[in-house]
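Participant: Supplied in structure tokens, the structure appears directly below.
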Amino acid sequence: MNNSVGNTGRVLWAGLRALLVLTVITGVLYPLAVTGIAQLAFPGKANGSEIKDASGRVVGSELIGQRYDLPLKEGEETAAPDLRWFQPRPSNGLGTNSVNTQYKLILSGATNRSGDNEDLIQWVKDAKAAVIKDNSTASYTVRPSDVPADAVTSSGSGLDPHISPEYASLQVHRIAERNHLTVARVDRLVADHTDGRVLGFIGEPRVNVLRLNVALKELTSS
């Protein structure tokens, strides 16, 4: 009996020591080492890929999309887009950021509706009509064939921070008119903030909407 109790005690003590050692190694030392390496090698990515404005204030992450809406009016359920800013892909999962200095994440997720779903089809039609209406100006008319797919569909996460160069270009005339800028100047702004394919062949060219709007705010402020 004594031998049995002693053996059990030794096994438990050995197990406890193993637990303590592995907890220190995998729960403390390893995370600290990985965090230290990440901070040294990739500080920006390790800290959330934060984007700052000209004053140094963090306005969001380059990995998560944001909305640019007007303040919600009394009686409204959905805020109208603030057309002074470049608009992201449509999504109900984005936080609000009408002046590019606030950020709030609400939720993330896709609609999970099939391509022949009547609600989804109507959403796309409504979004397309809104894009045409919002981006047509006195000197520029958006044609239905000009509207790219990403202007009327959300991403799988609903938080895509990028739009296509085509969708950014479609918004140029409206941005120029609303902010009293020349079309050529806004075109150049879009070109300066268009990222090419990764390594020259992976993915598609894209524009980060938050970075573009930060640059637009700096331009209009100056």
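The values are calculated or read from the model by the stated rules, or taken from the named source; none is laboratory data. All of these numbers come straight from a predicted model, not from anything done at the bench. Ideal geometry is used to build each Cβ from the backbone, glycine not excepted, and the neighbour counts take in all protein chains shown.
Rundown of residues vs (1) crowded, with 16+ Cβ neighbours inside 10 Å; (2) modelled with pLDDT of 85 or more; (3) in contact with a Lys or Arg (Cβ under 6 Å, 6 or more places away or on another chain); (4) closer than 30 Å to S55 by Cβ, yes/no style:
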| position | (1), (2), (3), (4) |
| --- | --- |
| T101 | no, no, no, yes |
| N112 | no, no, no, no |
| A129 | no, yes, no, no |
| K133 | no, yes, no, no |
| P144 | no, yes, no, no |
| A151 | yes, yes, no, no |
| T182 | no, yes, no, yes |
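Participant: A further question on this structure: Given the options V186, V209, name the one that is modelled with pLDDT of 95 or more, assigned by TED's automatic domain parsing to the domain that holds R84 and touching a Leu at 6+ places or on another chain (Cβ under 9 Å).
Facilitator: On inspection, the qualifying residue turns out to be V186.
Participant: Go through (1) within 21 Å of the chain's Cα centre (by Cα); (2) within 26 Å of D126 (Cβ to Cβ); (3) charged (D, E, K, R); (4) at pLDDT 95 or above one by one and return the number of the condition E177 breaks.
Facilitator: Against the list (1) within 21 Å of the chain's Cα centre (by Cα); (2) within 26 Å of D126 (Cβ to Cβ); (3) charged (D, E, K, R); (4) at pLDDT 95 or above, E177 comes up short only on (1).
Participant: Condition first: modelled with pLDDT under 90, over 30 Å from S61 (Cβ atoms) and either assigned by TED's automatic domain parsing to the domain that holds S61 or of a type in the set (K, R) (or both). Can you find one or more residues in the range 12-20 that meet it?
Facilitator: no
Participant: Quick one: is V186 out of contact with any strand residue (DSSP E or B) (no Cβ under 8 Å at 6 or more places or on another chain) and β-branched (V, I, T)?
Facilitator: yes
Participant: While we're on this one: Give the residues of the range 169-188 that are part of a loop (DSSP other than H, G, I, E, B) and under 28 Å from G203 (Cβ atoms), sorted by residue number. Talk me through it step by step, then tell me what you get.
Facilitator: Taking the range 169-188 and keeping what is part of a loop (DSSP other than H, G, I, E, B), we get 171, 179-182.
Passing the criteria: only Q171.
Participant: Name the one entry in I37, I64 that is in contact with a Pro (Cβ under 7 Å, 6 or more places away or on another chain) and of a type in the set (A, V, I, L, M, F, W, C).
Facilitator: Answer to the check: I64.
Participant: Restricted to the range 1-56, and to residues that are outside any helix (DSSP H, G or I) and among the hydrophobic types (A, V, I, L, M, F, W, C), which residue is nearest to L219 (Cα to Cα)?
Facilitator: In the first step, residues of the range 1-56 are kept if they are outside any helix (DSSP H, G or I); the result is 1, 42, 47-56.
Subsequent filtering for residues that are among the hydrophobic types (A, V, I, L, M, F, W, C) retains 1, 42, 51, 54.
Details: M1: 84, F42: 29, I51: 17, A54: 11 Å.
Ranking the candidates gives A54 first.
Participant: Since Q39 meets every condition but one in (1) over 30 Å from S169 (Cα atoms); (2) touching a helix residue (DSSP H, G or I) at 6+ places or on another chain (Cβ under 7 Å); (3) assigned by TED's automatic domain parsing to the domain that holds L181, which condition does it not meet?
Facilitator: The number of the failed condition is (3).
Participant: Quick check on the range 64-79. Is at least one of its residues more than 30 Å from N179 (Cβ to Cβ) and of a type in the set (S, T, N, Q)?
Facilitator: First, pick out the residues of the range 64-79 that are more than 30 Å from N179 (Cβ to Cβ): none.
Checked against the condition, which is being more than 30 Å from N179 (Cβ to Cβ) and of a type in the set (S, T, N, Q), the range 64-79 yields no hits at all.
Participant: Given (1) modelled with pLDDT of 90 or more; (2) surrounded by 13 or more Cβ atoms within 10 Å (Cβ to Cβ), identify the lone condition not met by L120.
Facilitator: Of the numbered conditions (1) modelled with pLDDT of 90 or more; (2) surrounded by 13 or more Cβ atoms within 10 Å (Cβ to Cβ), the odd one out for L120 is (1).
Participant: Next question. Filter the range 57-67 down to the residues that are part of a loop (DSSP other than H, G, I, E, B) and in contact with a helix residue (DSSP H, G or I) (Cβ under 7 Å, 6 or more places away or on another chain), then identify the one that is modelled with the highest pLDDT.
Facilitator: The extreme case among them is E62.
Participant: Just give me the residues in the range 128-168 being outside any helix (DSSP H, G or I), touching a helix residue (DSSP H, G or I) at 6+ places or on another chain (Cβ under 6 Å) and among the hydroxyl-bearing types (S, T, Y), in sequence order.
Facilitator: Answer for the range 128-168, where residues must be outside any helix (DSSP H, G or I), touching a helix residue (DSSP H, G or I) at 6+ places or on another chain (Cβ under 6 Å) and among the hydroxyl-bearing types (S, T, Y): T137, Y140, S164.
Participant: Mind checking whether some residue in the range 40-47 is at pLDDT 85 or above and closer than 20 Å to S155 by Cα?
Facilitator: Within the range 40-47 (the criterion being at pLDDT 85 or above and closer than 20 Å to S155 by Cα), the answer is no, since none of the residues qualifies.
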